[in-house]
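Since the structure comes first, as structure tokens, the remarks are kept for the end.
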Amino acid sequence: MINCYIVDDEKAGTDILSMYIEQTPGLKLIKAEENAVLAYEDISNDIYKPQVTFLDIRIPLLSGMELAGLISHKTAVIFTTAYGEYAADAFGKDAIDYLVKPFSYERFLKSIDKLKKKLITDGDQSRIEQKGFFYVQNEIKGRITKIVISDIIYVESLLNYINIVTIEGEHKTYMSLKEMEVHLAEGNFMRIHKSFIINMFKIVSVENDQVLLKTHKKLSIGTNYKNDFFAVLNDAIIKSKRR
């Protein structure tokens, strides 16, 4: 059962969503709230634990965008709004979908399909993180290789394959870098280039736009990834308070 929460200050919007949720097997409406601040309190304090929150954008006190930024670590978000111009910003908040009112039941169900896929992926990721390892099909037909996540140094894209470089060796498997990225814990691993994901715990040093890893491998930081990488790096730098 997927628990749903609605934040909308217009009764018409709440009514149609409530009806859609109630007539969809596997969904349960746990609360509809018109006050964004109260919704924030409900969700951030775990008073309610929705797996998905349907958010209007133009609501008093806190906008839907602002609220999404505060609760997206607690719940998936689907925006519901009469305004189409915020779509790009919405997906920047990692929204599952963006529904423009009035939307049909068919369009609503497409959003739920996206939600279910995301929840399945997150569930798989959680299980992998708890185990600390996963298996991949090797480039050698019939061979399956166990990969200990903490042993991974970096992952490299090789056209239709990836190369997983660990402290024990290299393992090629038929998969995209984007697919592998889903299965690597956020925080420990970071994409630094269109072709590389690195284990942040395996960094030896960073000089200019290059990262030196424990294998003595130097990798370049891609232009599109510099800001995010150095933001994480700066947060981890210990600095003296003396002038």
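Below, the figures for the structure above:
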quantity: Among (1) exposed (fewer than 12 other Cβ atoms within 10 Å of the Cβ); (2) at pLDDT 85 or above, the one test that I140 misses; calculated: (2)
quantity: Restricting region 215-229 to residues that are hydroxyl-bearing (S, T, Y) and not in a helix (DSSP H, G or I), the residue that is nearest to L177 (Cα to Cα); calculated: S220
quantity: Any hit, region 10-32, residues being in contact (Cβ under 8 Å) with a residue 40 or more places away in the chain and among the charged types (D, E, K, R); calculated: yes
quantity: Members of region 158-170 that are part of a loop (DSSP other than H, G, I, E, B) and either crowded, with 18+ Cβ neighbours inside 10 Å or in contact (Cβ under 8 Å) with a residue 24 or more places away in the chain (or both); calculated: I167
quantity: Scope region 5-29; condition under 18 Å from E106 (Cβ atoms) and either outside the structural domain of K116 (by TED's automatic domain parsing) or hydroxyl-bearing (S, T, Y) (or both); matching residues; calculated: S18, Y20, T24
quantity: Considering residues of region 60-95 that are at pLDDT 85 or above and aliphatic (A, V, I, L, M) only, the residue surrounded by the fewest Cβ atoms within 10 Å (Cβ to Cβ); calculated: L70
quantity: Boolean, V155 is within 23 Å of the chain's Cα centre (by Cα), among the aliphatic types (A, V, I, L, M), surrounded by fewer than 14 Cβ atoms within 10 Å (Cβ to Cβ) and not assigned by TED's automatic domain parsing to the domain that holds K118; calculated: no
quantity: Per-region count, region 171-214, residues surrounded by fewer than 20 Cβ atoms within 10 Å (Cβ to Cβ) and part of a loop (DSSP other than H, G, I, E, B); calculated: 11
quantity: Any hit, region 108-124, residues being at pLDDT below 70 and in a loop (DSSP other than H, G, I, E, B); calculated: no
quantity: Hits in region 187-213 (condition: within 13 Å of S150 (Cα to Cα) and at pLDDT below 90); calculated: G187, N188, F189
quantity: Residue within region 55-62 that is over 18 Å from K11 (Cβ atoms), without any contact (Cβ under 8 Å) to a residue 12 or more places away in the chain and of a type outside the set (G, A, S) present; calculated: no
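The values are calculated or read from the model by the stated rules, or taken from the named source; none is laboratory data. Everything numeric here is computed off the predicted structure, so don't read it as measured data. Backbone-built Cβ (ideal geometry, glycine too); neighbour counts: all protein chains shown.
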